[in-house]
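Any read-out appearing in this document is the output of simple, stated calculations on the displayed coordinates, not a laboratory observation. These figures come from a predicted structure and were not determined experimentally. No Cβ is skipped: glycine too gets one built from the backbone with ideal geometry, and neighbour counts run over all protein chains shown.
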């Protein structure tokens, strides 16, 4: 009896906002195995666990999955103390990268260390200055490149004295001797990610296969307009005058920055420019070296983004050799992955493209001849994982046709025969072993918080590595349902998710909170734990709200036609689809159609403001965080891909400009913005407020001083309390 009472009592627990915000990715998230990875050239893997509250490093073999502790965090910290003057204890394992079964490297305080497992000793490999950024390490040469004040430098075995001195900062040759560039400034950036991280770009340096050469970006922003961000950072004892920070922000239709690619030869200490075409108003994306280092490849996208040229350049001189092939689309092309050379056949490569409507693999030789399209169907590929050791079979991840599940597949390069390896419904992520036989399969669905299994490349299961328990089992339960509804024009199915209130009673009427994003490169609905929802949404369901979310057209992983349906008319097709969701909701007897609210951030903030003013009266309450208000004020690369320039698409920009609908607002609207937002500039909501004043329209407004595009850290609790309170008071 006591056990039953205890269980009933436990299931009556309710989340707090602090629980939902601060623990949603830690203690109230499904258990995981941090830094899970294969050890090269072995059938063993490692991960970071805990013992008595302290981190430990464990290793297991596929033969029996027995886990052995090979290192404690205290032992790693001690080995670090022995070679440095730093007396700060290492409390968590830095990111580890195995180089062999006997040693791994780790980066800590801008230095790269080697750790010998047998004697449990750390040794310094190479170090960058404390103010260095953009660290990129090459294991073959033990060379590190980094940036300082927008210049590019390197450090290697010759610039670091490997002795037992603990004052390592004095063991370095003058940085000037290892300077790759010297023209870095506010307006000229070397070795940095470019094009505002669009086109899959996330770094600015690219080592050649041997590590003896380096390709790097140089971005000139002198022609880009300045934007000023004011910082009002002070404490109660010190009141400082606000400081102004200038950033370069290229808005749609304005002058773009100029990007070039350079090649640096470490032996010759010489840089040379890659001779890209004369049209400088273009995007240099997806850099790749050939395996023999003879060539370097760039996927060049024109400013209008309707054409991509995969170009080959000489790896020694940077001279243009040929265009391997072109891709064109009347809407846009968007390469996000470099070419993938095939093991044991370096003159052939695989290319990912949406040219047939879904992201698929194409097999080419380096002369530009397409041997075949390797994969087919309505299952878009998200990740290419590599080939087997012989280069006969390629492995990749792809979504199911309905866009809910993601699985591991293999394809035989010679025959094109495709096999689905993972079978269990849900979202899978995998790690392939170097030896090519085993796969660590990490998956989740709405019923399984997380399960990690050892399987082989045929899909045969060998054992369980982790079976996570339900982290919110002791809290009030809310039913989660995934389903699809037709669009209003009945041309597509739209995936939806509802979270019903705890102790749901179908005879009662409930308020509805619609959580929306709706923009490109995002997907809210997946067959995963909580259906892909944030724990705060689950908290709101416990408080008595029906939670509804839809992936409208324009969302990710449903194919190019679905994703590009919003081309030149952002906020229109998406809004129509969201209203189809409202049509569904008001047909449910348990929904109070007079109490429907909507909340979203960023593109979701744009959608929220659109729905509140372009379909007035449908939603009673809206909360829009960091919203785009006028696409003319947003960045070139993203905006012009989906909207063209303001000159080319004047009417499309006018329709999407939300200041035109201020006077139509019905209901309560709260706008929220971070004052240091460098993505969706603060100017967006300030412009909206100015229009509200002119029109005599009352809205609510809240800012978070010093925060950028989202409110993170401890202040996020305040943010979610503010949003919760707003819906409680008005919905």
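Annotations for the structure displayed:
- Each Cα pair under 8 Å and six or more residues apart adds its separation to the average, and for the chain the resulting relative contact order is 9 percent.
- Here each label is just a point 7 Å from Cα along the line to Cβ, and for residue 197 and residue 85 those points are 3.5 nm apart.
- Computed FRET value (nearest 0.05) for residue 185 with residue 592, which takes r as the C-beta separation and R₀ as 56 Å: 0.45
- Computed E for residue 385/residue 26 - FRET, C-beta separation, R0 45 angstrom, nearest 0.05: 0.95
- Per-residue packing, averaged as other Cβ atoms within 10 Å, sorts the ranges 292-304, 366-378 into the order 292-304, 366-378, beginning with the highest.
- Centroid-to-centroid separation of segment 520-564 and segment 695-728 [C-alpha atoms, Å]: 21 Å
- Stretch gain in nm, segment residue 158-residue 306, where the contour uses 0.36 nm per residue and the Cα spacing is subtracted: 48.6 nm
- Relative protection proxy for 243-249, 143-149, from highest mean packing down: 143-149, 243-249 (other beta-carbon atoms within 10 angstrom).
- Residues of segment 687-731 with an amide N closer than 18 Å to a point placed 7 Å from the Cα of residue 240 along the Cα-to-Cβ direction: 705-708.
- Relative intensity of segment 538-644 on a log10 scale, I(q)/I(0) at q = 0.12, 0.23, 0.24 Å⁻¹, equals -0.45, -1.37, -1.45, per a Debye sum over C-alpha point scatterers of equal strength in the absence of solvent.
- Quarter of Cα convex hull surface for segment 480-730, i.e. mean projection, nm²: 13.1 nm²
- Highest to lowest packing among 488-500, 549-561, scored as the average C-beta count within 10 Å: 549-561, 488-500
- Between residue 247 and residue 149, the simple label model (points 7 Å from Cα in the Cβ direction) yields a spacing of 2.3 nm.
- Inter-part distance where segment 116-132 and segment 470-503 are each reduced to a Cα centre, Å: 49 Å
- Segment residue 231-residue 140, length gained on full extension (0.36 nm per residue, minus Cα span): 28.5 nm
- Ranked for footprinting exposure by Cβ neighbours inside 10 Å, fewest first, 113, 186 give 186, 113.
- Look at the Cα gyration tensor of the chain: its axes a ≥ b ≥ c give a/c under 1.5, and that counts as rounded.
- Euclidean distance of C-alpha centroids, segment 310-376 and segment 635-682, integer Å: 35 Å
- Stretch gain in nm, segment residue 279-residue 101, where the contour uses 0.36 nm per residue and the Cα spacing is subtracted: 59.2 nm
- For segment 453-572, the square roots of the Cα gyration tensor eigenvalues, ordered a ≥ b ≥ c, give a/c of at least 1.5 with a/b no greater than b/c, which places it in the oblate category.
- Three-way shape call for segment 30-150 based on the alpha-carbon gyration tensor, with the a/c threshold at 1.5: prolate
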